[in-house]
Each structure stands twice: as structure tokens, then as C-alpha cells.
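Accompanying notes for the structure given below.
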Amino acid sequence: MMTYPFLLLWSCLSNSPTADSTLTIPQVDRTVHAYMQRYQVPGMAVAITLHGKLVYAKGYGQADTTQHTPVTPASLFRIASVSKSITAVAILKLVSDKKLSLNDLVFGPKGRLGIRYGHRPYSPYLRQVTIRHLLQHTAGGWTNNARDPMFLYPQLTADSLISRILDTAPLQHRPGAVYAYSNFGYCILARIIEKVTGMSYEQYVQTALLAPAGISTMQIGGNTVADRKPGEVTYYGQQQEQPYIYNITRMDGHGGWIASATDLARFLVRVDGFATPPDLLDRTTLRLMTTPSAANPSYAAGWLVNAWQSWWHAGALPGTASEIVRTARGFNWVVLCNTRSDKGFFNDLDGLIWEAVNDPATRWPEADLF
């Protein structure tokens, strides 16, 4: 994802009313409409910020095709693996508060989780895993493949699942040596947050990160249609995918959050490294967040990074697609969908907003629409 080089960005500013679906920026709207038609997307939400101000927030299409409910900028969507960026910031907030170190061990007598999970003796590889390894997907195993632990044993709690996996799926590589994208690693990070703070993972994130950013509706999602939260969209599978058969709640730290486009934009401007508004993390900690591992120079701590100083993360589940992007010239954006497809769907989603921000004719509102 995000192979696009960061091109020179321009903006011409004009006055605009508040953020709602009556706003029109043709360079955004025509691209989104074409994308929705091409990939049969029922509903989407987009939010774009420039220099810390919300300059566009709009819903497109339908949140529910049976009730004909329109998507708005406040509609809640599953954000899937974009949750990893939130978990990473939560861990790094504890680092900046001197409650954790990225070099802290995770398992074993000296580890943050001690010997709480699984059976001893732990393997040498397991005793070497650090918080940094989990953040950077370099713990040495538990990868996102057909045996992804987070899609196994749906009846188990997160704690029971961790014990089962530690006992049955040993690490295959020395920690730090190999990059292997791991949902399970971020489930473990959520448990570390709980152990250190004495709060639930969700409660800590809401208290330490979201409330200071002015965000009140983000929460961990439910599993079934009946579990939909007020304002949450309906999810639609393609290619026989079933959006409501997964334990989304157990995915909390790696894929469980639901959020609106506007609230994710509020989160982005508080972690983007720019002066206004003030960030949730100090500059030293932001450098930790955006420094990649030797095993993968494109993935840092919960964020993909590139040579053009863009940071981003995408997410996907059956019925869900999401992406957040931070750019070096001051633009950030959020794109949320209530379906996903195959072939070019994610490549095109990745490039969706670049056309508008790189078009010198695009006119962005002067007013802050937050």
C-alpha cells in the first residue's frame, strides 16, 4: 500500500460552511463516486485535514441499503487494522510517561506479562520478545496467514487464546530477525496496556488518547448485526464473504475499533508531528513511532512509512475497508468503506485522495470544520 511518491501539494482556499454532505469539492467527489461505482461500494466516508484544520468531511452512499440510511461524516465504521495505529500510540504514550520501555521483555519472570499465559518452560525465542518486536511485527511468528491466531478458536477469550497459542504455535524465528505481520502481536500489546494501567484496553485508550483529542464516540465494535452500535453502518460482504461471523470484540488491539471519519481525523492531527494542534506524543516518542525496523524499512511502530515522510495504515475485514494517511506537507485524510472487494480495490483506495490534494485547482475551505 501507499506506493505513491509524495508529489508537490497545492491548495487554493475559499470560505465554506460546515462539514456535511452538501459540501462539494469536485476533485474528491468525482473520484469517490467513480470508485464506489466500480467496486460496488454501498457507503463511504471521507475526512481531510490541512495544517491541523478539518477542510472536508463527507458521507457518500448508504449506511444501510435496506433502510436507505445515508452515510454522514459521523457514521461509525469498523476500521479493522487501522486499530493497530491506535494501539501503537497507546503503548508509546505509556513509554513517554515512563511506564514502559520498548525494550521491555514481554514473557518470562522479567517480562511485562510474566508467566501469566501458557505453560512453562517458555522457549528461548519467546523469552526474547520485546514490546518493540510486537509493535514492528518482528516477534518471529504468529503471522497473518491461514492459521492467523486471531481467527482461530472464536469461542475463547483473548486471555485463553494467548495461552493456547503460546502452547501450540512456537515462534519460528529469532525475535528481530524477520518481519511477519501479526494481528496476534497487537492482541498481546493490548494485554500489556491492561497490565500496566490496571484499566481495560478500551478504557485506557478512551481516557488517555481519545478524550484529550475531543473524541467521544470511538469504541470497540460488536460481532453481530444485533450488536451494531448507534450510528454504526451495516457491512456488506462480496465474493461470499460474511461480515458478521467473526469475534470483532476480541480483536480490540489489532482490529476492533469502530470510528467515524471525522473522529479519526481528530486523532490524526494529534499524532502527525505538526505544531498545531499539539500532539499527544512528544517529538522523541514520535520518532520512535516512525522509525522502522531493520527487518522491514517500510514498517515502523504501528505505521507504514516511506522516504517521502508519509505515514499511513490500512485495514480490511469482510465488509470493511479503511485507510488513514499523514503527509509531509500538512494533509491528512481518512477513508472508510462498508464493503471490500478484490483485484484493484485496495490499490485504488490507496490512491483515492492523492489526485485531489495534488491538483492545483482544488479549493479547500478556509474555515476549520472540526
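The values are calculated or read from the model by the stated rules, or taken from the named source; none is laboratory data. Please read all numbers here as calculations on a predicted model, not as lab measurements. All Cβ positions, glycine included, derive from the backbone under ideal geometry; neighbour counts span all protein chains shown.
What's the total number of residues in the stretch 337-359 that are of a type in the set (D, E, K, R) and in a helix (DSSP H, G or I)?
Residues flagged as of a type in the set (D, E, K, R) and in a helix (DSSP H, G or I) within the stretch 337-359 amount to 3.
Only one of Tyr186, Tyr204 is crowded, with 17+ Cβ neighbours inside 10 Å, in the same structural domain as Gly108 (by TED's automatic domain parsing) and in a helix (DSSP H, G or I). Can you tell me which?
Tyr186
Just checking, which of Tyr179, Tyr186, Tyr201 is among the aromatic types (Phe, Trp, Tyr) and under 17 Å from Gly111 (Cα atoms)?
Selected residue: Tyr186, the only one of Tyr179, Tyr186, Tyr201 that is among the aromatic types (Phe, Trp, Tyr) and under 17 Å from Gly111 (Cα atoms).
How many of the residues in the stretch 207-234 are crowded, with 20+ Cβ neighbours inside 10 Å, out of contact with any helix residue (DSSP H, G or I) (no Cβ under 9 Å at 6 or more places or on another chain) and assigned to a loop (DSSP other than H, G, I, E, B)?
So the answer is 1.
Taking interchain pairs and intrachain pairs at least six residues apart, which have beta carbon atoms under 9 angstrom, with the first residue in the stretch 260-283 and free of Cβ contacts under 8 Å to residues at least 12 places away in the same chain and closer than 23 Å to Gln219 by Cβ and the second crowded, with 21+ Cβ neighbours inside 10 Å and among the aromatic types (Phe, Trp, Tyr)?
Taking only residues 6 or more apart or on different chains, not a single pair turns up.
From the list Asn338, Asn306, exactly one residue is surrounded by fewer than 20 Cβ atoms within 10 Å (Cβ to Cβ) and not aliphatic (A, V, I, L, M). Which is it?
Asn306
How many residues, within the stretch 75-126, are among the aliphatic types (A, V, I, L, M) and outside any loop (DSSP other than H, G, I, E, B)?
13
Quick one: in the stretch 256-288, of everything that is under 18 Å from the mean Cα position of the chain (by Cα) and of a type in the set (Ser, Thr, Tyr), which residue is surrounded by the most Cβ atoms within 10 Å (Cβ to Cβ)?
Ser260
Among the residues of the stretch 276-290, are any assigned to a loop (DSSP other than H, G, I, E, B), in contact with a Ser or Thr (Cβ under 8 Å, 6 or more places away or on another chain) and more than 24 Å from His51 (Cβ to Cβ)?
Scanning the stretch 276-290 turns up no residue that is assigned to a loop (DSSP other than H, G, I, E, B), in contact with a Ser or Thr (Cβ under 8 Å, 6 or more places away or on another chain) and more than 24 Å from His51 (Cβ to Cβ).
Taking the condition within 19 Å of the chain's Cα centre (by Cα), outside the structural domain of Pro170 (by TED's automatic domain parsing) and of a type in the set (Val, Ile, Thr), does Ile131 pass? If you could, list the steps in order and put the result at the bottom.
Values: within 19 Å of the chain's Cα centre (by Cα): yes; outside the structural domain of Pro170 (by TED's automatic domain parsing): no; of a type in the set (Val, Ile, Thr): yes.
So Ile131 fails the test.
Give me a count of the residues in the stretch 36-52 that are in contact with a strand residue (DSSP E or B) (Cβ under 8 Å, 6 or more places away or on another chain) and surrounded by fewer than 20 Cβ atoms within 10 Å (Cβ to Cβ).
Final tally of qualifying residues: 1.
Do the conditions hold for Ala295, that is, is it at pLDDT below 95, within 29 Å of Leu94 (Cβ to Cβ) and part of a loop (DSSP other than H, G, I, E, B)?
Here the answer is no, as Ala295 does not meet what is asked.
Go through (1) closer than 30 Å to Gln239 by Cα; (2) more than 16 Å from the chain's Cα centre (by Cα) and name the single condition Phe346 misses.
(2)
Taking only the stretch 127-170 into account, find how many residues are in a loop (DSSP other than H, G, I, E, B) and either surrounded by 20 or more Cβ atoms within 10 Å (Cβ to Cβ) or not hydrophobic (A, V, I, L, M, F, W, C) (or both).
Of the residues in the stretch 127-170, 18 are in a loop (DSSP other than H, G, I, E, B) and either surrounded by 20 or more Cβ atoms within 10 Å (Cβ to Cβ) or not hydrophobic (A, V, I, L, M, F, W, C) (or both).
Might you let me know whether the stretch 57-71 holds any residue that is among the charged types (D, E, K, R) and either surrounded by fewer than 20 Cβ atoms within 10 Å (Cβ to Cβ) or not in a strand (DSSP E or B) (or both)?
Residues of the stretch 57-71 among the charged types (D, E, K, R): 58, 64.
Now drop any that are not either surrounded by fewer than 20 Cβ atoms within 10 Å (Cβ to Cβ) or not in a strand (DSSP E or B) (or both), which leaves 64.
Checking the stretch 57-71: at least one residue is among the charged types (D, E, K, R) and either surrounded by fewer than 20 Cβ atoms within 10 Å (Cβ to Cβ) or not in a strand (DSSP E or B) (or both).
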